[in-house]
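Note sheet for the following structure.
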Amino acid sequence: MENNGETSSSTVTGKLVSGEAADLSGASFTYSSEDTGVATVAGDGTIEAIGKGYTTIRASVTLNGITKSAAVYVAVGGAGEDSWSIKSPDGSIRRKLDLSSEGELIYSANNGANTVVENSKTGIKTSLGDFTSGLVFLGAENDVIDETYELTGAKFSQGHNHANELRLSFFERGGSAIFTAIARAYDDGVALRY
């Protein structure tokens, strides 16, 4: 959703344990928004954009005394950032991540003026969703990793894990699953996990 006041309808469907489509004509529905300053949801499932940001819209359905819930993430007004970077503790290595206009997460790495990793796409397709494109930014967290650990059978008795970490969270546009990318920049290399 791009603009305040814009509305979108939602539809709730369900399947029985047998795999057949559930007849929800006799079911009761409730909807809620985690942040009504971003979007509200009416009793009929109509979502209205209120202000820039992200929220979770939840739907609960009760049928024959059984209640099931589901959630979707809603972004209003292009709320997210689209470029992030971290440097190694000594500042020599830079890891950059960009979100393309198609919602693709792209990463690269430089060591000083030298490009070590060219722009490369991330992503994965799973039963939870397609996280190769259509990603919408949720949030970012920075951390410093500085820990030592014991080594056995090695030249040194201790190892040192020291890096700057950037954790980016996204959701699939129209879906409810979260995609998290964790990038680390070390003094001697980079790592990316998702």
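The values are calculated or read from the model by the stated rules, or taken from the named source; none is laboratory data. Keep in mind that what you see is a predicted model, and the values were worked out from it rather than measured. Every residue, glycine as well, gets a Cβ built from its backbone with ideal geometry; the counts of neighbours run over all protein chains shown. Areas reflect the complete protein model, heavy atoms only, side chains present, ligands, DNA and RNA absent. Shrake-Rupley method; radii C 1.70, N 1.55, O 1.52, S 1.80 Å.
Between S92, S18, S120, the Gaussian network model of the chain with springs among Cα atoms under 10 angstrom shows the greatest mean-square fluctuation at S18.
Model label sites at T126 and A177, defined 7 Å from Cα along the beta-carbon direction, differ in position by 0.6 nm.
Can you list the equivalent-ellipsoid semi-axes of segment 51-132, largest first and in whole Å, using the square root of 5 times each Cα gyration tensor eigenvalue? If you can, show how the numbers build up before the last one.
Details: eigenvalues 291, 47, 27 Å².
Over the Cα atoms of segment 51-132, the semi-axes work out to 38, 15, 12 Å.
Each of T56, T36, T132 has its accessible area taken with a 1.4 Å probe; listed largest first, they run T36, T132, T56. Here segment 38-146 is assigned +1 on the Cβ of each Lys and Arg and -1 on the Cβ of each Asp and Glu. Its dipole about the Cα centre then comes out at about 160 debye.
Ordered by 1.4 Å accessible area with all protein chains kept, V116, V61 run largest first as V116, V61.
Can you give the percent of C-alpha pairs in segment 95-145 whose distance is more than 17 Å?
Percent of Cα pairs beyond 17 Å in segment 95-145: 49.
Run the 1.4 Å probe and let me know the accessible area of K68, rounded to the nearest 10 Å². Rounded to the nearest 10, that gives 140 Å². Largest GNM mean-square fluctuation across S108, S133, S157, computed for the chain with C-alpha springs under 10 Å, falls on S157.
Name the residue from A191, G103, S83 whose Cα lies farthest towards the positive end of the charge dipole of the chain, charges +1 on Cβ of Lys and Arg and -1 on Cβ of Asp and Glu. Ranked along the dipole, the leading option is A191. Pairs of lysine residues in the chain that meet both criteria, 8 or more places apart or on different chains and Cα atoms under 25 Å apart, total 6. Taking one quarter of the surface of the convex hull spanned by the alpha-carbon atoms of the chain gives a direction-averaged projected area of 15.8 nm².
Its residues counted as N, segment 83-194 yields a C-alpha radius of gyration over 2.2 N^0.38 Å of 1.20. Residues L128, L151, L99, L168, sorted by accessible area with the largest first, give L128, L151, L99, L168 [1.4 Å probe; ligands and nucleic acids excluded].
Working note: Cα atoms of segment 1-76, range along each principal axis, descending, whole Å: 41, 19, 16.
If only the Cβ of Lys and Arg carry +1 and only the Cβ of Asp and Glu carry -1, the dipole of the chain around its Cα centre is close to 300 debye.
Counting only Cβ charges, +1 for Lys and Arg and -1 for Asp and Glu, the dipole size of segment 86-194 around its Cα centre is about 200 debye. Can you tell me which of A177, A71, A22 moves the most in a GNM of the chain? Springs connect C-alpha atoms under 10 Å apart. Among A177, A71, A22, the largest mean-square fluctuation in the Gaussian network model of the chain belongs to A22.
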